[in-house]
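Enquirer: Sharing a structure, written as structure tokens. Questions coming.
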Amino acid sequence: MKVTNDDLASKSASEEIKDYFSDVRKTNDCPITDVLARISDKWTMHTLITLGKSDKLRFTELKNQVEGISQRMLTVTLRTLEEDGFITRTQFPQIPPRVEYELTPLGKSLVVELIGLSKWANDNMGKVFEARGRYQLKNN
């Protein structure tokens, strides 16, 4: 569902939001909070998008393409993504060991949703910067 600021002002969109989120009462019971907590950090998003651009990548290839990530952070990120079923890790029995990572169908479906979020961010970043500027002027 694509919701714009104008849509939010209408009663029908507001009702739709209330209906959709009616069962969310506590933060710790909310599936959105749970999933977003796992995927919303900087490195997870970049890793998912990088894997989405390729069929399969090895660890070093990923590290080179996710600018600024440390080896340790990439390892932690990949383990979390594998645990949640967003990626698969395939280890090949050879010397030196070769490991490849790729998105699962679940991971691919998430990256498709990230495209919509990215489009929204690109379309609205100017408004966000303007709002930040107004806020800074008002609060300084």
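Just so it is clear, none of the values below were taken in a lab; they were calculated from the coordinates. The model shown is predicted, which means the values in this text are computed figures rather than measured ones. So basically every Cβ, Gly included, is an ideal-geometry build from the backbone, and we count neighbours across all protein chains shown.
Enquirer: Holding the Cα-Cα limit at 20 Å, pick out from LYS18/LYS127; LYS56/LYS108; LYS42/LYS119 the pairs that are longer than that.
Expert: Values: LYS18/LYS127 26 Å; LYS56/LYS108 12 Å; LYS42/LYS119 17 Å.
Listed pairs above 20 Å: LYS18/LYS127.
Enquirer: Need the full-extension length gain, LYS119 to ARG38, defined as separation in residues times 0.36 nm minus the C-alpha distance. One decimal, nm.
Expert: Working: separation 81, 0.36 × 81 = 29.16 nm, distance 2.13 nm.
Fully extending the segment from LYS119 to ARG38 adds 27.0 nm.
Enquirer: Counting other beta carbons within 10 Å of each residue's own, what order do PHE86, PHE59, PHE92 fall into, fewest first?
Expert: Numbers: PHE86 24, PHE59 17, PHE92 8.
Sorted ascending by nearby Cβ count, the order is PHE92, PHE59, PHE86.
Enquirer: Of GLY116, GLY107, GLY126, which has the largest mean-square fluctuation in a 10 Å C-alpha GNM of the chain?
Expert: GLY126
Enquirer: Then there is this: Just to be sure I follow the definition: excluding the sites themselves, where is the longest run in the chain that has none of the trypsin sites (Lys or Arg not before Pro) in a DSSP loop with at most 15 other Cβ atoms within 10 Å? Provide the component values of the computation, followed by the final result.
Expert: Details: sites that count: LYS2, ARG25, LYS26, LYS53, LYS56.
The longest such stretch corresponds to 57-140.
Enquirer: Apply the Karplus curve 6.51 cos²θ - 1.76 cosθ + 1.60, θ = phi - 60°, to the phi angles in region 119-133 and return the couplings in whole Hz, x for Gly and Pro.
Expert: Coupling constants for region 119-133: 4, 4, 4, 5, 5, 10, 4, x, 5, 5, 4, 4, 4, 4, x Hz.
Enquirer: Also, I was wondering about something else. What list of ³J(HN,Hα) values in whole Hz, one per residue of region 98-110 in order, does the Karplus curve 6.51 cos²θ - 1.76 cosθ + 1.60 (θ = phi - 60°) give from phi, with Gly and Pro shown as x?
Expert: 10, 10, 10, 10, 8, 6, 7, x, 5, x, 5, 5, 5
Enquirer: Can you sort TYR101, TYR20 from fewest to most other Cβ atoms within 10 Å of each residue's own Cβ?
Expert: Placing the least packed residue first, the sequence is TYR20, TYR101.
Enquirer: Please build a GNM for the chain, connecting alpha carbons under 10 Å apart, and tell me which residue among PRO96, PRO105, PRO31 fluctuates the most.
Expert: It is PRO96.
Enquirer: Looking at the chain as a GNM with Cα springs under 10 Å, which of LEU117, LEU78, LEU48 has the largest mean-square fluctuation?
Expert: Looking only at LEU117, LEU78, LEU48, the largest GNM fluctuation is found for LEU117.
Enquirer: Evaluate region 11-140: find the radius of gyration of its Cα atoms, find its Kirkwood radius, and give the ratio Rg to Rh. Don't jump to the answer; show the numbers that get you there.
Expert: Numbers: Rg = 18.8 Å, Rh = 17.4 Å.
Reported Rg/Rh (Cα atoms, Kirkwood Rh): 1.08.
Enquirer: Near the amide H of THR104, under 5 Å away, which other amide H atoms are found, from residues 5 or more places off or on another chain, if H is placed in the peptide plane?
Expert: Those qualifying (amide H under 5 Å, at least 5 residues apart or on another chain) are ILE87, THR88.
Enquirer: Taking just the alpha-carbon atoms of region 44-115, what radius of gyration and Dmax come out, in angstrom?
Expert: Here Rg and the maximum Cα pair distance are 11.6, 38 Å.
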